[in-house]
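Enquirer: I'd like to ask some things about the structure below.
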Amino acid sequence: MLRDEEVYAIGTITRTHGVRGEVAFRFTDDVWDRVEADYLLLRIEGLLVPFFLEEWRFRSDDVALLKFEDIDNVDAAVQLVGAEVSFPKALTPEYIDEEDVTWSMMRGFAVENEGQYIGTVAEVYDQTENVLLDIQTPDGESVLIPAHEQFVLRADHRERVLYVSVPDELLSLNAKDN
């Protein structure tokens, strides 16, 4: 059985879809599609339960419709609504080809600035040419840092850590003050 530290959350089952047992899955990371995974882990009554994928299709940039094996009707599918969906770190590639990486994939990544944990990527603002990462700090503050090669050193996709080198002055700016 997988433990919590061996997986990471990638989304939530939000509702049923149709009568064949499909569900809508709002995701923050499409890793299951990039590695062609056979299953996803759903948290059911506190336990991580594997559900094997029969088929899926993307509905939008952050929603996919999933059909799991042995979930063949609305009654079975409704039991999955609200479940957190996780993915095993062991199946995640440590590095991803640069041309396949998007900044939105960094949501949920821990952020380390020169070896010190500063928070988690809560949101990615990519509507303009200057992409910003909204970092939620442990004390509940929100700090924006530019998603730029000058500051972002590398990303470990398996451990979900973004390594950055950001000047203290930039970190001290609070997103609420901008």
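The values are calculated or read from the model by the stated rules, or taken from the named source; none is laboratory data. Everything numeric in this text was worked out from a predicted model, so none of it was measured. Don't worry about glycine lacking a Cβ; one is built from the backbone with ideal geometry, like all the others, and counts go over all protein chains shown. Each accessible area value is taken on the protein alone, full model and side chains, heavy atoms only, with ligands, DNA and RNA left out. Shrake-Rupley method; radii C 1.70, N 1.55, O 1.52, S 1.80 Å.
Enquirer: Restricting attention to region 34-81, which residues are within 17 Å of the chain's Cα centre (by Cα) and on the phi > 0 side of the Ramachandran plot?
Expert: Glu36 - this is the single residue of region 34-81 that is within 17 Å of the chain's Cα centre (by Cα) and on the phi > 0 side of the Ramachandran plot.
Enquirer: Follow-up. Given the residues Val121, Val152, which is the only one that is within 24 Å of Ser86 (Cβ to Cβ) and within 19 Å of the chain's Cα centre (by Cα)? Explain how you work it out, then say what you get.
Expert: Details: Val152 fails: within 24 Å of Ser86 (Cβ to Cβ).
The match here is Val121.
Enquirer: Can I ask one more? Say we look at region 79-100 and pick out the residues that are assigned to a loop (DSSP other than H, G, I, E, B) and modelled with pLDDT of 65 or more; which of these is most open to solvent (accessible area, probe 1.4 Å)? Talk me through it step by step, then tell me what you get.
Expert: Within region 79-100, the first condition is being assigned to a loop (DSSP other than H, G, I, E, B), and the residues that meet it are 79-83, 92-97.
Adding the requirement that they be modelled with pLDDT of 65 or more leaves 79-83, 92-93.
Working: Gln79: 134, Leu80: 8, Val81: 61, Gly82: 56, Ala83: 7, Thr92: 3, Pro93: 39 Å².
Across region 79-100, the extreme among qualifying residues is Gln79.
Enquirer: Please work out which residue is surrounded by the fewest Cβ atoms within 10 Å (Cβ to Cβ), limiting yourself to region 56-65 and to residues that are touching a helix residue (DSSP H, G or I) at 6+ places or on another chain (Cβ under 9 Å) and part of a strand (DSSP E or B).
Expert: In the first step, residues of region 56-65 are kept if they are touching a helix residue (DSSP H, G or I) at 6+ places or on another chain (Cβ under 9 Å); the result is 56, 58, 61-62, 64.
Add one more test, that the residue is part of a strand (DSSP E or B), and what stays is 56, 58, 64.
Working: Trp56: 18, Phe58: 13, Ala64: 19.
Per the criteria, the residue is Phe58.
Enquirer: Further, regarding this structure: Suppose we filter region 157-178 for residues that are over 18 Å from Pro138 (Cα atoms) and either at pLDDT 85 or above or of a type in the set (A, V, I, L, M) (or both); how many remain?
Expert: The qualifying residues number 2.
Enquirer: Scan (1) under 25 Å from Thr92 (Cβ atoms); (2) open to solvent by 20 Å² or more (accessible area, probe 1.4 Å); (3) over 18 Å from the mean Cα position of the chain (by Cα) for the single condition Ser172 breaks and write down its number.
Expert: Against the list (1) under 25 Å from Thr92 (Cβ atoms); (2) open to solvent by 20 Å² or more (accessible area, probe 1.4 Å); (3) over 18 Å from the mean Cα position of the chain (by Cα), Ser172 comes up short only on (1).
Enquirer: Which of the residues belonging to region 31-47 are assigned to a strand (DSSP E or B) and open to solvent by less than 20 Å² (accessible area, probe 1.4 Å)? Please lay out each step first, then the result.
Expert: Start the filter on region 31-47 by keeping residues that are assigned to a strand (DSSP E or B), which leaves 39-44, 47.
Within region 31-47, Leu40, Leu41, Leu42 meet the criteria.
Enquirer: Where residues in region 8-30 are among the aliphatic types (A, V, I, L, M) and open to solvent by less than 10 Å² (accessible area, probe 1.4 Å), which of them is farthest from Met105 (Cα to Cα)? Explain how you work it out, then say what you get.
Expert: From region 8-30, those among the aliphatic types (A, V, I, L, M) are 9-10, 13, 19, 23-24; that's our starting set.
If we keep only those that are open to solvent by less than 10 Å² (accessible area, probe 1.4 Å) too, we end up with 10, 13, 23-24.
Working: Ile10: 10, Ile13: 18, Val23: 22, Ala24: 19 Å.
Taking the candidates together, the pick is Val23.
Enquirer: Still on this structure: Condition first: assigned to a loop (DSSP other than H, G, I, E, B) and open to solvent by 80 Å² or more (accessible area, probe 1.4 Å). Now tell me which residues in region 127-157 satisfy that.
Expert: First, pick out the residues of region 127-157 that are assigned to a loop (DSSP other than H, G, I, E, B): 127-131, 137-141, 147-151, 157.
Result: Gln127, Thr128, Glu129, Asn130, Pro138, Asp139, His148, Glu149, Gln150.
Enquirer: Pairs needed: first member in region 102-129, over 16 Å from Pro146 (Cβ atoms); second member anywhere, part of a helix (DSSP H, G or I) and open to solvent by less than 60 Å² (accessible area, probe 1.4 Å); C-beta distance under 9 Å; at least 6 residues apart or different chains.
Expert: Between residues of region 102-129 that are over 16 Å from Pro146 (Cβ atoms) and residues that are part of a helix (DSSP H, G or I) and open to solvent by less than 60 Å² (accessible area, probe 1.4 Å), the close pairs are Met105/Val31.
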